[in-house]
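The values are calculated or read from the model by the stated rules, or taken from the named source; none is laboratory data. Only a predicted model underlies this, so the values are computations on that prediction, with no experimental measurement involved. Neighbour counts run over all protein chains shown; Cβ positions are idealised from the backbone, glycine included. Heads up: the accessible areas ignore ligands, DNA and RNA and are worked out on the full protein's heavy atoms, side chains in. Shrake-Rupley method; radii C 1.70, N 1.55, O 1.52, S 1.80 Å.
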Amino acid sequence: METCFLGIDTSNYTTSMALVDVKGNVLFDKRIVLTVKPGEIGLRQSDAFYQHVMNLPGIFFDLPSEGLKFIQGIGVSTRPRNVEGSYMPVFNAGLQFAKVIGKSLGCPVYEYAHQDGHIMAALGLEHQIIGKKTMNVHISGGTTEIFNSRWSSEEKYFETDIIGGSKDISIGQLVDRIGVYMGYPFPCGQHMEGAINQLKTCEYKTTKRLPLKAAEGMFNLSGIENKGKQLLEKGMSKEDFLFMFFNELGDFLCNILKEAIAKEKPDRLILAGGVMSNFWIRKRLQSLFDLYPDLEIILTPSVYCTDNAVGIAKMLLRRG
C-alpha cells in the first residue's frame, strides 16, 4: 500500500470514514446510518452526537491495519457549508476523533465543509477545478440549496455563494415526513423508491397535482407536505402517489435549474446529495444533458450521493 488519506464525516444521520490513495482510488468506505426511533422524523443533535461517538471507533478499527502507517493526512467535515455562521454540533464528534487519530499517527488534520465532500465526491482528479465556475445542487435530508462554487487556491476549499433553494424544509425532509406518514421507516427515501421499483419501465406524464412553484430560485415546501397528505387521505394509492411525487419533484428541479443556468451561465453543473440517488429524480434530470450539450454536467454516482467521507478524503488530494 502507498500514501493514502483518511476522510471523516459525521453528518446528522450518517457516520462515515473513507480512505483514498494519491490517484483518488477508494481503498475503504464505511458508513453507519444513525438510528431513529419508529414514527419519528429525525434526531436531536445531542442524540446524533452520541451515536457518532459510539460509531467512530468501530469504523476505525475496521480500517486495514497495514494502511495506517501510510496515512499522510486526515480530512474531516466540521461545518455544513463554507459560509459565515454555518455550524452544527454533530460535526464536533468527527473533529475531536480526527484530532486524536492525527496526534496518534503524527499526521496533519484539515477541516472542510460537509458540502465540500459532496462536491469532491462527484469530481475526479481528471476534472479541472481552478478557474471553473461550478453550479451545485445539493438535495439531501438537511439541505436543499443551489449554489455557485469556485476553488480557493489559497484556502484549499470551495468558496460558495447560495443562489437558490428551500426557504423552509428541505426536499429530503419533505420525503421523510411524507414517508413516515405513509408508514415507512426513517430515513424513508429508499423504502419509498423500492415500493415502486416495478414501475421503472413506465413513462410519466406530468399532471401537476403538487403545487410546486419557485420565484427566482427560492421556494417553500411545507405546503407540499400538506397537499401530499390530503391526496393520500382522499384514497390515492401509495404506488400512484409515489410515482407522481418523485417524478414531479424531478420536473420541478429541472425547471428551477433551467432558469438558474440561463441566469448564471456556469461552466459546470454538479448534482449531488442523498435525494439525488433516487431513480425517478435522476431519470427526469437526464433531460438536462440533451438540453445543454456544451455544459459539463456531473450527476454524482448514486453510491456517493448519500452522505459519505469519500469526498472529504479526496479534498486532501487537492492540497498539493
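Compute from the Cα atoms of the range 173-222 the Rg and the Dmax, the latter being the longest Cα-Cα distance, and quote both in angstrom.
When restricted to the Cα atoms of the range 173-222, Rg and Dmax are 13.5, 36 Å.
Taking every alpha carbon pair in the chain, what does the distance histogram look like in 20 angstrom bins from 0, in percent?
Per 20 Å bin, starting at 0, the Cα pair percentages come out as 33, 57, 10, 0.
Would you please give the residues with an amide H less than 5 Å from that of Ile163, counting only those at least 5 places away or on a separate chain, with H modeled from the backbone geometry?
Close amide H contacts, sequence-distant or interchain: Ile146, Phe147, Asn148.
Averaging over all projection directions, find the projected area of the Cα convex hull of the range 91-183 and quote it in nm² with one decimal place.
8.7
How long are the three semi-axes of the equivalent ellipsoid of the range 205-254, in whole Å, if each is the root of 5 times an eigenvalue of the C-alpha gyration tensor, listed from largest down?
Working from the Cα gyration tensor, I get semi-axes of 20, 13, 7 Å.
Could you give the alpha-carbon Rg of the range 80-236 over 2.2 N^0.38 Å, rounded to two decimals? Intermediate values should be presented prior to the final figure.
Details: Rg = 19.6 Å, N = 157, 2.2 N^0.38 = 15.0 Å.
Relative to the rule-of-thumb radius for its length, the range 80-236 sits at 1.30.
Given just the C-alpha atoms of the range 109-150, how large is their convex hull per residue in cubic angstrom?
Spread over its residues, the Cα hull of the range 109-150 gives 92 Å³ apiece.
Taking H as built 1.01 Å from N, whose amide H comes closer than 5 Å to the amide H of Ser11, not counting residues under 5 places away?
Long-range HN contacts for Ser11: Ser16.
Using alpha carbons only, how many degrees (0 to 90, rounded to 10) separate the axis of helix 238-264 from the longest principal axis of the chain?
70
Which lysines, on any chain, are close to Lys99 with Cα under 24 Å apart, when same-chain ones fewer than 8 places away are left out?
Once the sequence-local lysines are set aside, what remains near Lys99 is Lys30, Lys69, Lys156, Lys314.
Provide the net charge surrounding Gly117, with neighbours chosen by a C-beta distance below 10 Å and charges set as Lys +1, Arg +1, Asp -1, Glu -1.
Charge balance in the 10 Å sphere: -2.
Quick check for you: with a 1.4 Å probe and neighbouring chains kept, what is the accessible area per residue of the range 61-183, in Å²?
Each residue of the range 61-183 exposes 42 Å² on average to a 1.4 Å probe.
Near the amide H of Ile298, under 5 Å away, which other amide H atoms are found, from residues 5 or more places off or on another chain, if H is placed in the peptide plane?
Under 5 Å from the amide H of Ile298 lie the amide H atoms of Leu269, Ile270, Leu271, each far enough along the sequence or on another chain.
For every other residue with a beta carbon closer than 11 angstrom to the beta carbon of Gly141, add +1 if it is Lys or Arg and -1 if Asp or Glu, then tell me the sum.
Residues close to Gly141 contribute a combined charge of -1.
How big is the range 256-307 on each of its three principal axes, counting only the C-alpha atoms and giving the largest first in Å?
Each principal axis gives a Cα extent; for the range 256-307 these are 29, 18, 18 Å.
With a 1.4 Å probe and every protein chain kept in, tell me what percent of the accessible surface of the chain is carbon plus sulfur.
The nonpolar share, carbon plus sulfur, comes to 51 percent.
Please list the three semi-axes, largest first and in whole Å, of the ellipsoid equivalent to the range 158-254, using sqrt of 5 times the eigenvalues of its alpha carbon gyration tensor. Please report the intermediate quantities before stating the final value.
Working: eigenvalues 109, 45, 43 Å².
In descending order, the three semi-axes are 23, 15, 15 Å.
If only Cα atoms are counted, what is the Rg of the range 58-117, and what is its Dmax, in Å?
When restricted to the Cα atoms of the range 58-117, Rg and Dmax are 12.6, 40 Å.
Taking the 0 to 90 degree range and rounding to the nearest ten, how far is the long axis of helix 171-181 tilted relative to the main principal axis of the chain, both from C-alpha atoms?
60
Identify all lysines with a Cα-Cα distance to Lys265 below 16 Å; exclude those on the same chain that are fewer than 8 residues away in sequence.
Filter leaves Lys132, Lys133.
Compute the whole-percent fraction of alpha carbon pairs in the range 1-111 spaced more than 23 Å apart.
Taking all Cα-Cα pairs of the range 1-111, the fraction more than 23 Å apart is 29 percent.
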